[in-house]
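Okay, structure first, notes after.
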Amino acid sequence: LLKTPESFQNARKIYNKGGHSKSYAYVTLLDGLGAPLAKGERIMGKNAERLEVAGEAYEDYETGSKFLKVLYTTSNIQETYVECQVGMLVEKNMKGCLIGEGDLKIGGRQYAYNYVPATGNWNGRTIASFSKGTNAQDEMRLNCLGCPYKDFMYFYDYYGTDEYAHQFVEAAFEGTKTQFTNGNADFSLYSFMGKEQIIKKSTVYLNIFMYVIHGWEEALDDCERGCLDCNDGAAHSWDEGVCYYTGSIEGGPGGTNTGGKLLHHLADKRCTDYKTCGVEGADLGGTAKLNYDLFSLFSVGNFQLLSGNCPAARATAKEITEKMYVPMIQGAMRCAYKVGEMFGGEKEKAEGAAFAAAVLPRVHAADPGAADIIYQNLKVGATSTDFMAAKNAFQSVYQKMGVSCTDVGGLWSDAQNKYYTGMEPCVQTVSSLNTTVQSESNNTLAIALGCTFGGLFAIAAAMVLYMRSREKQGEPVFKMSDQHEDIKDMN
């Protein structure tokens, strides 16, 4: 964003109308269809250079229909996955768009058509659509096999609306106050600088975050219906969740982590602040341990779905979702420290408000009192920020959230080569009936845990060997679906 009224208007149009995902041409046939046309049926045409353009029917059409949506076919090559990107983009790519008038080949017949390419190419998937209207209500609360989805209900119960993500972002664009049950924000208090941070982060941490979880839940619904082939299969929905988590531009040259904008990249950024990078989670750079852990779980979950082991896949999805809150906690606590201890300005305050908005509903479900402490210290317009109060509130609900001290780490100071005072990693103990259990003083517990983890390690080792064997055969257990449609990152 360029922090001008015009740039914000352009960004808002793209947020609502799109420009990159599920691109389609809305054309008019001169004569109606001579036969019914099924969703997904092949349609061929030509571009302005008279080169072939492949597409398919966006939906089902009856005989005689004259108005068609032609969904452009995508490829697996990111740079050219679709060559018609128009929508509300300022810089449009029309190289692969259907020419303004010509013939479409449908079911062995030619149909003359026309449309205006500059205004007739739209997008069936937008970031706003993940939360806008009745989409979230239908897909995550009312009209799905597993409805209501547990994590979605944390947010619905806290904010009081299905559209919480969309309303949060739109209020930031408008510079107005939200009308939620809890967690309200008055964006009239922010300049373009603060609103930019809210919009960039909330589109990812609220809209896309929940749609990632929707991917796991939809896969589990398909699995429990015994329907591995519906909606392209449970594994396809699972893969979509992985794709939305990662984004289409993640990973720079040589495997660097400089390119992403979505949740995978967020985890990599926060691990450099909390010294939780690397396979062991003890490094200050590279891939986050969280991402190593998540991609291992992605592989396991995919295998469980393909095997029809729905209960195991559900347990894996739960573990994945719990871990996804970690970067939100890290971001919120980091901003609380920067604002409360280092006198951060509007940018840091807005970042903190965005991180808090993405995790407050989950904290509230664990302990409303803890959520209120965090909100009062990180909300838009907070009069003061007590980082220790916010940190302690977060740590008080780690166990209920399925998060550990090791997952989060501590806020690291490169200049001092140590953790910031008061932001050191916490040390978790296991409590039962108000009694702290020390493992070194309980031999029985140690033996039981040793046997349990030994068994789990053996199972994990067998799984890894199996997946390696499949990879060597050219048939990896976990791979992206060929039918995945990329979504361009927005930040």
Some residue of region 142-155 being at pLDDT below 95, among the hydroxyl-bearing types (Ser, Thr, Tyr), within 23 Å of PRO361 (Cβ to Cβ) and out of contact with any strand residue (DSSP E or B) (no Cβ under 8 Å at 6 or more places or on another chain): no
Any hit, region 282-300, residues being in contact with a Lys or Arg (Cβ under 6 Å, 6 or more places away or on another chain), open to solvent by 10 Å² or more (accessible area, probe 1.4 Å) and of a type in the set (Ser, Thr, Tyr): no
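Working only within region 68-79, note down all residues that are free of Cβ contacts under 8 Å to residues at least 60 places away in the same chain and either within 26 Å of SER7 (Cα to Cα) or in a loop (DSSP other than H, G, I, E, B) (or both). Before you say what the answer is, go through the steps one by one.
Keep residues of region 68-79 that are free of Cβ contacts under 8 Å to residues at least 60 places away in the same chain, which gives 68-73, 75, 77, 79.
Across region 68-79, the qualifying residues are THR73, SER75, ILE77, GLU79.
Which one of THR256, THR176, THR203 is modelled with pLDDT under 95 and not aliphatic (A, V, I, L, M)?
On the way: THR176 fails: modelled with pLDDT under 95; THR203 fails: modelled with pLDDT under 95.
Result of the check over THR256, THR176, THR203: THR256.
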Answer residue from region 1-39, given it is assigned to a loop (DSSP other than H, G, I, E, B) and within 23 Å of the chain's Cα centre (by Cα) and is modelled with the lowest pLDDT among those: LEU1
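Could you go through region 383-406 and let me know if any residue there is under 18 Å from GLY194 (Cα atoms) and touching a residue at least 12 places away in the same chain (Cβ under 8 Å).
Filtering region 383-406 down to residues under 18 Å from GLY194 (Cα atoms) leaves 383-385.
If we keep only those that are touching a residue at least 12 places away in the same chain (Cβ under 8 Å) too, we end up with 384-385.
Checked against the condition, which is being under 18 Å from GLY194 (Cα atoms) and touching a residue at least 12 places away in the same chain (Cβ under 8 Å), region 383-406 yields at least one hit.
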Residue in region 264-279 that is surrounded by 20 or more Cβ atoms within 10 Å (Cβ to Cβ), at pLDDT below 95 and within 21 Å of the chain's Cα centre (by Cα) present: no
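Which of the residues belonging to region 81-119 are open to solvent by 60 Å² or more (accessible area, probe 1.4 Å), within 18 Å of ALA54 (Cβ to Cβ) and in contact (Cβ under 8 Å) with a residue 12 or more places away in the chain? Steps first, please.
Going through region 81-119, the residues open to solvent by 60 Å² or more (accessible area, probe 1.4 Å) turn out to be 90-92, 94-95, 101, 103, 105, 107-110, 114, 116, 119.
Next, from what is left, pick out any that are within 18 Å of ALA54 (Cβ to Cβ): 94-95, 103, 105, 107-110.
Across region 81-119, the qualifying residues are MET94, LYS95, ASP103, LYS105, GLY107, ARG109.
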Considering residues of region 150-173 that are part of a helix (DSSP H, G or I) and of a type in the set (Asp, Glu) only, the residue surrounded by the most Cβ atoms within 10 Å (Cβ to Cβ): ASP151
Members of region 204-225 found to be aromatic (Phe, Trp, Tyr) and closer than 17 Å to ASP138 by Cβ, listed by number: TYR211
Filtered residues of region 372-382 (kept if part of a helix (DSSP H, G or I) and in contact (Cβ under 8 Å) with a residue 60 or more places away in the chain): TYR375
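Output yes when any residue across region 167-179 is over 30 Å from ASN302 (Cα atoms), of a type in the set (Phe, Trp, Tyr) and touching a His at 6+ places or on another chain (Cβ under 9 Å), and no when none is.
no
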Subset of region 304-314 [open to solvent by 60 Å² or more (accessible area, probe 1.4 Å) and more than 19 Å from the chain's Cα centre (by Cα)]: LEU306, SER307, ASN309, PRO311
Inter-residue pairs, beta-carbon under 7 Å, first of a type in the set (Gly, Ala, Ser) and in region 37-59, second open to solvent by 90 Å² or more (accessible area, probe 1.4 Å), 6+ apart: ALA38/ASP60; ALA57/LYS39
Among (1) closer than 18 Å to ILE199 by Cβ; (2) open to solvent by 10 Å² or more (accessible area, probe 1.4 Å); (3) hydrophobic (A, V, I, L, M, F, W, C) - the single one ALA365 does not satisfy: (1)
Cross-chain or 6+ apart pairs with Cβ under 7 Å, region 120-132 first and within 16 Å of TYR24 (Cα to Cα), then open to solvent by 10 Å² or more (accessible area, probe 1.4 Å) and among the basic types (Lys, Arg): ASN123/LYS17; ASN123/LYS22; GLY124/LYS22; ARG125/LYS22; THR126/LYS17
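The values are calculated or read from the model by the stated rules, or taken from the named source; none is laboratory data. Here the structure is a predicted model, which is why all the values come from computation and not from measurement. We place every Cβ from the backbone using ideal geometry, glycine too, and count neighbours over all the protein chains shown. Calculation scope for accessible area: heavy atoms of the full protein, side chains included, ligands and nucleic acids excluded. Shrake-Rupley method; radii C 1.70, N 1.55, O 1.52, S 1.80 Å.
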